[in-house]
1. Per-residue HN-Hα couplings for the stretch 436-443, Karplus 6.51 cos²θ - 1.76 cosθ + 1.60 at θ = phi - 60°, whole Hz, x for Gly and Pro?
2. Just to be sure I understand the model, the point goes 7 Å from the Cα along the line to the Cβ. What's the resulting Trp365 to Arg201 distance in nm?
3. Specify the angular offset, from 0 to 90 degrees and rounded to the nearest 10, of the alpha carbon long axis of helix 261-272 from the longest principal axis of the alpha carbons in the chain.
4. Please turn the phi angles of the stretch 404-410 into ³J(HN,Hα) values with the Karplus equation 6.51 cos²θ - 1.76 cosθ + 1.60 (θ = phi - 60°), one per residue in order, whole Hz, x for glycine and proline.
5. Please name whichever of Leu121, Phe278, Gly415 sits farthest to the positive end of the charge dipole of the chain, dipole taken about the Cα centre and charges placed at Cβ: Lys and Arg +1, Asp and Glu -1.
6. If you count, for each residue, the other Cβ atoms within 10 Å and average over each peptide, how do 165-176, 188-199, 430-441, 41-52 line up from highest to lowest?
7. Any idea what angle helix 59-87 forms with the longest principal axis of the chain, computed on alpha-carbon atoms, 0 to 90 degrees, nearest 10?
8. Based on alpha-carbon centroids, what's the gap between the stretch 179-195 and the stretch 402-438 in Å, whole number please?
Amino acid sequence: MGQLRRLINILVLTAALNSPIICGYFRVEAFKQILIYCVSLICILLINIFPCRVKNDVFRLRSIMKGRELLLMFSVTFLALVIANGVAGVIFVPANISWWYFGINMAVGVMGSLILLVNGLSRVFLTSQQLGIRWRLLILFFWWVPVVNFILLNKVCRLVRREYEVETGKNQLNNIRSIGSICATKYPLLLVHGVFFRDFRYFSYWGRIPKELKKNGAVFYLGQQQSAASVKDTAAELATRIKEIVEETGCDKINIIAHSKGGLDARYAISCLGMDQFVASLTTISTPHHGCLFADHLLEKTSEKFVNRIAKSYNAALRKLGDQNPDFIAAVTDLTAENCRQINEEAPDKDTVYYKSYGSKLNTWMGGRFPLNLSNILVQPFDGENDGLVSVSSAEWGAQYTVLSPTGKRGISHGDVIDLNRENIDDFDVRELYVGIVKDLKALGF
C-alpha cells in the first residue's frame, strides 16, 4: 500500500483539518488564511478521491482497498483531531486563540472526518462480498458509539484486507493456469440445484462457482427443475433438460454435479428414465442418499394441519416465482429415510455411469450461518454428524466418498458447499473444490 504515502496523507489531513487553529495561533493574515483554507480543501478532496494506489486489474478489489485506506486514515486523523482540539482548548485558546477559531476548527475537523468515514464505508459496503449483512448493520447502528466504532472499523479493515488477498491470489492462479483450461472436460457439465431453490437469472444458487469453472475452461448448464416436487417429477424434468442439452450441443453425454435432493433426482433420471445413455458421470454434493431421520420425525410429530398450511403458502409463493406445479409435501416426504430406501431400490447404479460423492459437517453448531447452525443441533440426535441438514453417513454414495471438514471450529455447512453465502472460509476453498472435481473428471476422460 505504501506506508510512506499513508504517513504523508495522514500528516496532510491532520494539518488540513486543523488549519483554523493553526491560522489562529500564528495570527495569519486574512488573505493568506483564505489561501490556506483553499489548499486544505483541495488536499482533503484529492485524498478522498485518490487515497492510495492499488495495482490490481479488478475494479472491485481496487475499490475495497481504497475504502479500507480511507477508514484507516479516518481512525488516525480523528484521534489526532480529538487530541489537537483538547490541547488547544486547554492550553492555547485562553491565551493565544479566540474561541471563534476553536469552534471553526472543531466544525471543519468533524465534517472532514465524516467525509473520510462515509467515503470509506461507501466504497467498502458497495464492493465487498465478505462483510455480509451482519457487519454492515453493526457499523450502521453503532458507528457513533465511542470505542465500539473503532473496534468495528478494525474488524471491517481486517475482513477487507483478507478478501483482497484471497481474491487477488485467486485471480493470479487463474491467469497462470488459463492456458491449460484444466476444467475443459470432454462432456459439458450440468449443475443440478437442491430442494427449495431455483436457478434464478440474477442470483446464482452456486455462488461464485460457475464463474470460476468458466475461467478454467468449463462448459456448463443449469438443471432448471422446479424447486420442490417429488423425486420422480423433478427427475422427469431433468431428463427433458438432459435431452435438450445433448440435442443442442451435439455431445454424446454430459457430466452431472448435483447438490442435496438434486442428487436423488439425477440418480432416478439416470436409472429409471433412460438417461444413463446420456450421462458419463454423477457427482453428488451433500445428497441425502439414505434419507434424513429428522425429516421422518418432523412429519410424524408435526400436525397435518400445520404442515398443509406451510405447504400451501410455499406452493403459492413458488408459483409466482416460476414453478408450474410445486409440491412442498412431496419434496419433504421423499427426503425421509423410508422413501430414500425405496428410491435406492428402484434406482440402482448403472455400470456405464461413474458415481462419486461428497459430504460435509459442522464441527460445532456455531460454525455455520443461520439457520443451518440451529438445525445442526436438531438433526444431530437423529442423524449424527451433519452439515445442518444432511448427515455424513447419508451423503455417501458411489466409487469415492470425501468428507469435507477443515480444521478448527468452523466446519462446512449444507450451504457452504455451494458457496451460498459467498464466504471465504479458512482452510476451505469451495471454488477450488469444484475446480478439482471437474479437473478429475477431465483426467478420467469424461
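1. Each residue's phi maps through the Karplus curve to give x, 4, 5, 4, 5, 4, 4, 5 Hz.
2. Calculated label separation equals 4.2 nm.
3. For helix 261-272, the angle is close to 30 degrees.
4. Listing the rounded values in order: 8, 7, x, 5, x, 8, 5 Hz.
5. Selected residue: Leu121.
6. Going by the mean number of other Cβ atoms within 10 Å, highest first, we get 188-199, 430-441, 41-52, 165-176.
7. It is inclined by approximately 40 degrees.
8. Computed from Cα coordinates, the inter-centre distance equals 18 Å.
The values are calculated or read from the model by the stated rules, or taken from the named source; none is laboratory data. Quick caveat: nothing in here was measured; it's all calculated off a predicted structure. Here the Cβ is made from the backbone with ideal geometry for all residues, glycine too, and neighbour counts use every protein chain on show. Note: accessible area is taken over every heavy atom of the protein model, side chains too, but ligands, DNA and RNA are not part of it. Shrake-Rupley method; radii C 1.70, N 1.55, O 1.52, S 1.80 Å.
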